[in-house]
Amino acid sequence: MDAQETYVGMRGRSLENEKKICGVMKFMNDEQLELSKLLQATTDEMVLRCKTRLLAFLDDDILRRVFRLGAMNGDKRSGTGIAPFEITIAQVCRRWRHLALSSPTLWTNIYVGRPSKGTRSRIQAYIERSGTEKLNITIMPGGSKRLPTREFQLLCGHVDRWQSFKLTLITRPSSDVQRFFEPLANVSARELQHFEIRVSPELCTQSCAPLFLKAQLFGAGAPQLHTMLLGGAGCILPEPHMFMRLTTLMLAPPHHVMWLTYKDLRAVLNATVSLRRLIINGSVVVPVATRRRVLLNRLETLELSSDHSDLLFSLLEMPVLKALDLDGRSLTQSRMERVMDAFWKPHGALRFPSLTSLTLRSFECMLVLGRPDAMPALEELAIIADARTGIRDDILLTLTEKNRNDDQVLWPRLQKLKLGGRFKLSLLWDVCQERAGLGHRLTELSIPRSCIEEELCEWFERYFVLQYHEDTCWSIAPDLPEIAIEEDDPSSIEPTVEDNRNYYSSDSDSPISSDSSEE
């Protein structure tokens, strides 16, 4: 009995000692982990000091240039949780802080996010540190329904120094928008070059009252203005003399708001002697009987998506037009034929002999492909189909030489082809196999990645260099004139097509590739 009690007592003390040992081991492991972190931090600091030691020997002017480059490439938003570049370098050391505070160009980008307690003081500090440099203003309240009215009024006190102004709204503000813009009604922005207002499409629905600015902005003039973008917002257009230096103009009001008449638009366009890019998305009231044309001698890019696209397109004279982006989803087939007729002058000459890039965003617009003789200089073609319908077979067949009855060469200069949407891969196969046709001249092909199955990747890799980017497969052809389809062994090609012919039918459920970022 005594031996059993002794064993139990020793066993209990042993367990206690084991717990103490485990605690000591855990403590040692924690200490070792902290020590390793400290050693790693010390090593990183030493490496960083070795890498940046030479910065101490750089002249002040060189450091200022480095700071300017960093400010240009850094994140200018202050509401992302990361301090802006200019704030970060001002906290490194005493010398850097002195150089940063004495470099006015570092403090010219002012970002205003959600209204907060320290926003006004930060804006005032940026204004003072920027000296007399031009200011770039960006206002993005985000999900906040309260507009930064007080902060905006502070910035309007220096409107004569504005170089660019951008306002983006993703939620309908609870405050009065008219009062927000009242400080800009009768002021002069002599340095303003870029003015932009963008409203989220969700705010432009039938259920929401449109954002419409009734006050005329910059009534005293903005002589240097060259870019004006109004997306999802309507406003009273400034006086025509303000558009003399304009090179880019975007008018994109809500589609259900008839706020812009052709008379007002014509007055603006007649005043823009330097306009090179015009974007019209939305409702423009165009009288059917009007015949008064607008001559745009320098316009190179036109993006058109309007309820009256056919009338607008026929009334704009653009002798040097190079790029056309056309969306005709609101047009009927008869009205689209009017667009087709607009490619020729009354005596049969081409109206757009310099057109090199064409983007079609609806089935109605694809009727243009039936007249390739209207675009002999075309080099880039993009067909972006609707997600539900896809690209119809007859549209792709127009791209093949063997389906044409005449001997005319189809777009002899076309080199880049982009297809966005669902289509039959076998028809594209026919295009690529043409030895003297379109497939022979292509140097770049862009199609949805979902359209290439694993069985066909081997064939595409034989004739194209595949580069995948997000949901789009960019195929760059090496030297197609020297590449021919092997006819001796058709089994390596034909079964693959037959196996996939049914899969890529017009009612396939394969994903649809949307239009990528701007080229």
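The values are calculated or read from the model by the stated rules, or taken from the named source; none is laboratory data. This is a predicted model, so every value here is computed, not measured. Every residue, glycine as well, gets a Cβ built from its backbone with ideal geometry; the counts of neighbours run over all protein chains shown.
Looking at the range 83-184, what helices (runs of 4 or more DSSP H) fall wholly within it and have at least 3 residues that are of a type in the set (A, V, I, L, M)? Give the derivation first.
On the way: elements: 85-89, 94-101, 119-129, 149-156, 177-181.
In the range 83-184, 94-101, 119-129 are the helices (runs of 4 or more DSSP H) which contain 3 or more residues that are of a type in the set (A, V, I, L, M).
For the range 421-449, how many residues meet the condition of being closer than 21 Å to residue 366 by Cβ, of a type in the set (Gly, Ala, Ser) and either modelled with pLDDT under 70 or not in a loop (DSSP other than H, G, I, E, B) (or both)?
Filtering the range 421-449 for residues closer than 21 Å to residue 366 by Cβ gives 421-432, 434, 437-439, 441-442, 444-448.
Restricting the remaining residues to those that are of a type in the set (Gly, Ala, Ser) gives 421, 426, 437, 439, 446.
Those still in the list that are either modelled with pLDDT under 70 or not in a loop (DSSP other than H, G, I, E, B) (or both) too: 426, 437, 439, 446.
Matching residues across the range 421-449 total 4.
Could you give every pair whose Cβ atoms fall below 7 Å, whose first residue belongs to the range 191-207 and is on the phi < 0 side of the Ramachandran plot and crowded, with 17+ Cβ neighbours inside 10 Å, and whose second residue is of a type in the set (Asp, Glu) and modelled with pLDDT of 65 or more, counting only separations of at least 6 or pairs across chains?
191/160
In the range 308-349, which residue that is of a type in the set (D, E, K, R) and farther than 22 Å from residue 382 by Cα is surrounded by the most Cβ atoms within 10 Å (Cβ to Cβ)?
So the first thing to find is which residues in the range 308-349 are of a type in the set (D, E, K, R), and the list is 310, 317, 322, 325, 327, 329, 335, 337-338, 341, 345.
Subset that is farther than 22 Å from residue 382 by Cα: 317, 345.
Details: 317: 14, 345: 10.
Only one residue tops the list, namely 317.
Would you check which residues across the range 280-308 are among the polar types (S, T, N, Q), closer than 18 Å to residue 267 by Cα and in contact with a helix residue (DSSP H, G or I) (Cβ under 7 Å, 6 or more places away or on another chain) and list them?
290
Is it the case that residue 185 is of a type in the set (A, V, I, L, M, F, W, C) and modelled with pLDDT under 65?
Numbers: of a type in the set (A, V, I, L, M, F, W, C): yes; modelled with pLDDT under 65: no.
Against the criterion (of a type in the set (A, V, I, L, M, F, W, C) and modelled with pLDDT under 65), residue 185 does not qualify.
For the range 95-129, enumerate the residues that are within 16 Å of residue 72 (Cα to Cα) and within 31 Å of the chain's Cα centre (by Cα). First the steps, then the outcome.
Initial filter on the range 95-129 (within 16 Å of residue 72 (Cα to Cα)): 100, 103-111, 126.
Answer for the range 95-129, where residues must be within 16 Å of residue 72 (Cα to Cα) and within 31 Å of the chain's Cα centre (by Cα): 104, 105, 106, 107, 108, 109, 110, 111, 126.
Where residues in the range 294-306 are assigned to a loop (DSSP other than H, G, I, E, B) and crowded, with 17+ Cβ neighbours inside 10 Å, which of them is nearest to the chain's Cα centre (by Cα)? Break it down stepwise before answering.
First, pick out the residues of the range 294-306 that are assigned to a loop (DSSP other than H, G, I, E, B): 296-300.
Those left that are additionally crowded, with 17+ Cβ neighbours inside 10 Å: 296, 299-300.
Numbers: 296: 26, 299: 21, 300: 19 Å.
My answer is 300.
Can you pull out the residues in the range 96-133 that are basic (Lys, Arg) and either crowded, with 18+ Cβ neighbours inside 10 Å or without any contact (Cβ under 8 Å) to a residue 12 or more places away in the chain (or both)? Reasoning before the result, please.
Of all residues in the range 96-133, those basic (Lys, Arg) come to 97, 114, 117, 120, 122, 129.
Answer for the range 96-133, where residues must be basic (Lys, Arg) and either crowded, with 18+ Cβ neighbours inside 10 Å or without any contact (Cβ under 8 Å) to a residue 12 or more places away in the chain (or both): 97, 117, 129.
Which residues, taken from the range 116-139, are hydrophobic (A, V, I, L, M, F, W, C) and in contact with a strand residue (DSSP E or B) (Cβ under 8 Å, 6 or more places away or on another chain)?
So in the range 116-139, the residues hydrophobic (A, V, I, L, M, F, W, C) come out as 123, 125, 127, 135, 137, 139.
Residues satisfying the conditions are 123, 127, 135, 137, 139.
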